[in-house]
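Report on the following structure.
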Amino acid sequence: MNASILSANGVTKAFAGVLALDRVDFAVRPGEVVGLVGENGAGKSTLMKILGGILAPDAGSVGLDGVDLPRLTVASAMAGGIAFVHQELNLFDNLTVAANVMIGREPVRGGPLRLVDDAALERRTAPLLAQLGADFAPRTPLSRLSLAQMQLVEIAKALSLQARVVIMDEPTSSLTASETDRLLDVIGHLKARGVAVVLITHRLGEIERCADRVVILRDGRRVAELAGDAIRADTMIAHMIGRDLKTLYRAPAAPPGPAILELRALRTPYRPERPVHLTVHRGEILGLAGLVGAGRTELARAIFGIDRPLAGEIVIDGRPVAIASPDQAIAQGLYLIPEDRKRLGLMLDFPIRQNVSMAMLAGRSAATLVDLEEEEAVAARERDRLGIRAASLSLPAGALSGGNQQKVVLAKWLALSPRILVFDEPTRGVDVGAKSEIYRIMRELSDAGVGILMISSDMEEIIGVSDRVAVMHEGAIAGLIERDGLSEEAILSLAVGRRTR
């Protein structure tokens, strides 16, 4: 086997004291396709950012053509032939396809003005598009392309750099089946030319089809490497999981009641071709699992009226309702605890009491005057009920810990007696003690008849708290798992598009 072009050697990286990578080794050799897989948060993106020069490791080294270096920079990585195809498009929709592919490296015509040579731009871009089987011309304005076509432009840009290593981060996430097949053919052509490809994807079938080796990360550590016939989806999933769960489950006080929230063929702007069917019952916690990009947060936004659904019905207590804005959701007793509490759930510079009362002002004020005594009383009641630790209700919400901030967001809605609560990542950035308190509160609410939809990327949380789990894959519900069938393998299999037995 040839010596590696690019390698990570005992690389460690931490953010705010939390290990993202722990002494990870990884190598890429000429003319091979290496799959890199792992659950959300396993460390894949951090490792690739270090190999691409975006981040510096805290310990360990990066190897380029056999030379150990403390780190790479973006410039040195590009000079070494390392190219990225990012999942998030990095394109300019006011330019043509050719201008995007050759951005920063445009050929120019002679003369005092040194103008960009558009004809040369198109000549250089055309064979790259042909190689990808693109059905659009180099001179096409980017703004006229679909999302899938833009993804092909991003790949053409990487190929234009004459790269020796192409790192593809979820390159097929917005491609159709035929476009995906074409891309996998391109990966085969690159391999035949001696180009190495690192493929990061949650679509394990693609890994099975084209990878020579697979490196598996779990919780920031390299836990396995597979090659040849050992590259199978079930084996990869087993290594990606590889841990026993500490169960947090507390059974509901009574069986769940009738349906309180139904989504009937709901189509969201995120993946309008993928209708969502989902039912939440009174008195249950329905977990919503899925990988990054599956569309869970986008679904929550549509349910709460932030993004207007394109078709389908939202049904509450058996009656279709129109929810085209958060105001209309609130009027139905349907509330959202957002993933980003600091940006979307709180006014960080305002006192706790004002954060708690902000959603109820319309019904608890006279003309434009706020009843300050009632505001203080409601905030004090919810503080005691939720155990919010704060010396004063006049303290700014931004001064609280993450767990107490999350409780303030929850207090805002509890003051309005919710019927349905949608939690989006309810314990992200919350310490262990606050997590258990939030889980207790969720169960108490469900026991009181509230229907809860809990979106979470934390597998332990999903299995430990949910009564049932729905799993999203590429914008739709891939399957529903009852409590007695819950396992990480069952959830992950659905999340990557494989049916459970």
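The table below lists the values:
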quantity	calculated
Close Lys-Lys pairs in the chain, where close means Cα under 17 Å and separation is 8 or more or interchain	6
The stretch 6-241, relative contact order in percent, only Cα pairs under 8 angstrom and at least six apart counted	28
Values of log10 I(q)/I(0), in the order q = 0.08, 0.09 Å⁻¹, for the chain under a Debye, Cα-only, solvent-free model	-0.59, -0.74
For the stretch 348-416, fraction of C-alpha pairs farther apart than 18 Å, in %	28
The stretch 252-295: GluC sites (Glu not before Pro) in DSSP coil with no more than 13 other Cβ atoms inside 10 Å	Glu273
Exposure proxy order (Cβ contacts within 10 Å, fewest to most) of Tyr439, Tyr335	Tyr439, Tyr335
Fraction of antiparallel bridges per DSSP, the chain only, in percent to nearest 5	55
Net lengthening on full extension, Asp25/Val223 (0.36 nm per residue, minus Cα-Cα)	70.2 nm
Protection-proxy order for peptides 385-391, 192-198, each taking the mean of Cβ atoms within 10 Å per residue, highest first	192-198, 385-391
MRE, 222 nm, helices only [DSSP H, n ≥ 4, -39500 (n - 2.57), over the chain, to nearest 500]	-9000 deg cm²/dmol
Principal semi-axes in Å for the stretch 6-241 [√(5λ), Cα gyration tensor, largest first]	32, 21, 15
Residue order, fewest to most surrounding Cβ atoms within 10 angstrom, among Ile54, Ile167	Ile54, Ile167
Considering only the stretch 6-241, percent of DSSP beta bridges that pair antiparallel, nearest 5	60
Dipole in debye (nearest 20) - the stretch 6-241, about Cα centre, beta carbon charges: Lys, Arg +1; Asp, Glu -1	520
Relative exposure of Thr268, Thr180, judged by other C-beta atoms within 10 Å (fewest first)	Thr180, Thr268
Lys, Arg +1 and Asp, Glu -1 on Cβ, resulting dipole of the chain about Cα centre, debye, nearest 20	500
Fraction of beta bridges assigned by DSSP in the stretch 365-501 that are antiparallel (%, nearest 5)	60
Three-way shape call for the stretch 241-364 based on the alpha-carbon gyration tensor, with the a/c threshold at 1.5	rounded
Cα gyration tensor shape of the stretch 246-313, rounded if a/c is under 1.5, else prolate or oblate by comparing a/b with b/c	oblate
Signed unit charges on C-beta, dipole axis of the stretch 19-174, positive-most listed residue Gln162, Leu47, Pro107	Pro107
Ordering of 127-137, 418-428 by packing [mean C-beta count within 10 Å, highest first]	418-428, 127-137
Overall form of the stretch 313-427 per C-alpha gyration tensor (a/c, 1.5; a/b vs b/c)	oblate
Kirkwood-Stokes translational diffusion coefficient of the stretch 67-149, alpha-carbon pairs, 10 °C, 1.306 mPa s, µm²/s	108
Whole-Å distance, taken between Cα centres, linking the stretch 436-501 and the stretch 211-287	7
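Values quoted throughout were computed directly from the atomic coordinates according to the rules given, and no laboratory measurement underlies them. No experiment lies behind these values; they were computed from the predicted model shown. Cβ atoms come from the backbone with ideal geometry, glycine included; neighbour counts cover every protein chain shown.
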